[in-house]
Amino acid sequence: MWSPRLFALTILCSSAAAQTPDGFNPSASAQLRVVYGSKAVDPPGTSFTKAETASMPVFGSNDNLSGTYLFVMIDLDVQRAGGNRQNLLHAMIRDVKPSGKTSAEGFQVLSSTATGPTAYLGPSPPAGQPAHRYTFLLFEQPANFAVPAGQRQVLNSRVGFDMNTFAQQAGLAAPLYGNFLNVTG
């Protein structure tokens with residue numbers, strides 16, 4: 001039988017490890033801090049409206065980072081004909097570095113002067129559909145990072161983006177940080 005303390009510890013550990021949606025791969029165990037305006041994506045899975053997410057969020061980490069990173073945002077719930085779901089790439093921003101600023105929430109803000117290779121596209125799930133899950137990932141950016149030739153078309157179209165295939169072809173290691181939110185139409 002579970003003791004109340006053991007049960008609480010199990011719940012705490014499982015929620016701390018769940019920075020990306022259940023079943024999403026690659027997963028991340030450390031939380032990417034993400035804020036839209038004055039509303040934080042905390043806990044992961046917080047609900048937002050389209051209006052709240054129209055502009056690029058502020059993001060960063062509670063850790064003292066010093067490298068160069070790649071920021072990715074993906075909609076996991078775009079419906080295709082026949083009801084199957086596919087991913088839609090909402091942002092891939094390269095050359096992300098510490099900005100030297102601290103957010104109002106107390107985390108180290110990361111930023112980039114780059115707007116791509118895929119610029120931010122605010123969430124816009126259709127009205128009447130269930131909420132869409134938008135996943136954020138932060139990867140260490142390899143030296144001499146370039147979009148693999150086999151991925152350029154999908155980055156331009158955004159539709160059908162496969163994070164695992166991209167990561168493998170681009171030489172990315174596992175994501176350092178992750179988070180996700182839900183947006184209704």
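The values are calculated or read from the model by the stated rules, or taken from the named source; none is laboratory data. No experiment lies behind these values; they were computed from the predicted model shown. Neighbour counts run over all protein chains shown; Cβ positions are idealised from the backbone, glycine included.
Summary of values
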read-out	value
Every residue from the stretch 112-146 that is without any contact (Cβ under 8 Å) to a residue 40 or more places away in the chain and either of a type in the set (V, I, T) or closer than 15 Å to V72 by Cα (or both)	T113, A114, T115, G116, P117, A119, L121, P142, A146
Of residues in the stretch 110-121 being surrounded by fewer than 18 Cβ atoms within 10 Å (Cβ to Cβ) and among the β-branched types (V, I, T), the one farthest from the chain's Cα centre (by Cα)	T113
Among the candidates Q108, Q129, Q86, Q141, residue that is out of contact with any Gly (no Cβ under 6 Å at 6 or more places or on another chain) and polar (S, T, N, Q)	Q141
Boolean, D22 is at pLDDT 95 or above, farther than 22 Å from V154 by Cα and not β-branched (V, I, T)	no
The stretch 122-147, residues that are within 21 Å of Q86 (Cα to Cα) and either of a type in the set (S, T, Y) or surrounded by fewer than 16 Cβ atoms within 10 Å (Cβ to Cβ) (or both)	S124, P126, A127, G128, Q129, P130, Y134, T135
